[in-house]
Amino acid sequence: MKNKDKELAALLDEVKTIAIVGASDKPGRPVDGVGRALIERGFTVIPVHPKRQDVWGLTTYASLKDVPVAIDCVDLFRASQWCPGHAREVLELDTLPKMFWMQSGITSPEAREILQDKDIAVYEDRCLMVEVSLLGVKK
């Protein structure tokens, strides 16, 4: 295992709670597969969507600031233009997450810059489900 993989595996071992922003349980959507896979691997998944009350049978929150527990990882399924706003929202949380994850196809240099000095690991254009599977992370 490469050093970067070891670092990511160690960080993911610490992650218990994942807020999925843009959550949807509509079959065929990538977010549905990722959310279900993370739940199956034992993570506590918190769906975040402004118009939904229930995703995957779980209480769904309108925004990150509405989530009543500490979040270890924010996993974004939103277009790149929305990522800086979510990065700013993360900085308003009482407890900062360990990770800010932008799924495959999503990048935001501005979001990365907003979070760069905050001790939050930022990942862009990578699938959290794939990384968790490849590294064998389970809860």
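Just for segment 50-88: of the residues that are charged (D, E, K, R) and part of a strand (DSSP E or B), which one is farthest from ARG112 (Cα to Cα)?
Among those that are charged (D, E, K, R) and part of a strand (DSSP E or B), it is ASP54.
Can you tell me which residues in segment 40-49 are in a strand (DSSP E or B) and either loosely packed, with under 14 Cβ neighbours inside 10 Å or at pLDDT below 95 (or both)?
none
What number of residues in segment 1-27 are touching a Ser or Thr at 6+ places or on another chain (Cβ under 9 Å), of a type in the set (A, V, I, L, M, F, W, C) and touching a residue at least 60 places away in the same chain (Cβ under 8 Å)?
Within segment 1-27, residues that are touching a Ser or Thr at 6+ places or on another chain (Cβ under 9 Å), of a type in the set (A, V, I, L, M, F, W, C) and touching a residue at least 60 places away in the same chain (Cβ under 8 Å) number 2.
Only one residue in VAL137, VAL122 is more than 20 Å from VAL48 (Cα to Cα) and either touching a helix residue (DSSP H, G or I) at 6+ places or on another chain (Cβ under 6 Å) or crowded, with 16+ Cβ neighbours inside 10 Å (or both), so which one is that?
Testing whether each residue is more than 20 Å from VAL48 (Cα to Cα) and either touching a helix residue (DSSP H, G or I) at 6+ places or on another chain (Cβ under 6 Å) or crowded, with 16+ Cβ neighbours inside 10 Å (or both) leaves just VAL137.
Quickly run through segment 29-39 and pick out the residues that are over 15 Å from LYS16 (Cβ atoms) and either assigned to a helix (DSSP H, G or I) or β-branched (Val, Ile, Thr) (or both).
Hits for segment 29-39 are PRO30, VAL31, ASP32, GLY33, VAL34, GLY35, ARG36, ALA37.
Please identify the pairs in which a residue from segment 112-123 that is part of a loop (DSSP other than H, G, I, E, B) has its Cβ atom under 8 Å from the Cβ atom of a residue that is surrounded by 13 or more Cβ atoms within 10 Å (Cβ to Cβ) and of a type in the set (Val, Ile, Thr), counting only partners at least 6 apart or on another chain.
GLN116/VAL122; ILE120/VAL90
Checking the condition surrounded by fewer than 13 Cβ atoms within 10 Å (Cβ to Cβ) and modelled with pLDDT of 95 or more, which residue from GLY33, GLY57 passes?
The conditions single out GLY57.
Would you mind finding the one in ILE106, ILE71 that is under 12 Å from the mean Cα position of the chain (by Cα), surrounded by 14 or more Cβ atoms within 10 Å (Cβ to Cβ), of a type in the set (Val, Ile, Thr) and modelled with pLDDT of 95 or more?
Going through ILE106, ILE71 in turn, just one is under 12 Å from the mean Cα position of the chain (by Cα), surrounded by 14 or more Cβ atoms within 10 Å (Cβ to Cβ), of a type in the set (Val, Ile, Thr) and modelled with pLDDT of 95 or more: ILE71.
Can we say GLU113 is in contact with a Lys or Arg (Cβ under 8 Å, 6 or more places away or on another chain) and of a type outside the set (Phe, Trp, Tyr)?
Judged against the criteria, GLU113 is not a match.
Any residue in segment 36-52 that's within 12 Å of ASP72 (Cβ to Cβ) and in contact (Cβ under 8 Å) with a residue 12 or more places away in the chain: show its pairings with residues that are small (Gly, Ala, Ser) and part of a strand (DSSP E or B) at Cβ separation under 6 Å, as long as the two are six or more apart or on different chains.
ILE46/ALA19
The values are calculated or read from the model by the stated rules, or taken from the named source; none is laboratory data. Note that the structure is predicted; figures quoted are calculated from it, not measured. Every residue, glycine as well, gets a Cβ built from its backbone with ideal geometry; the counts of neighbours run over all protein chains shown.
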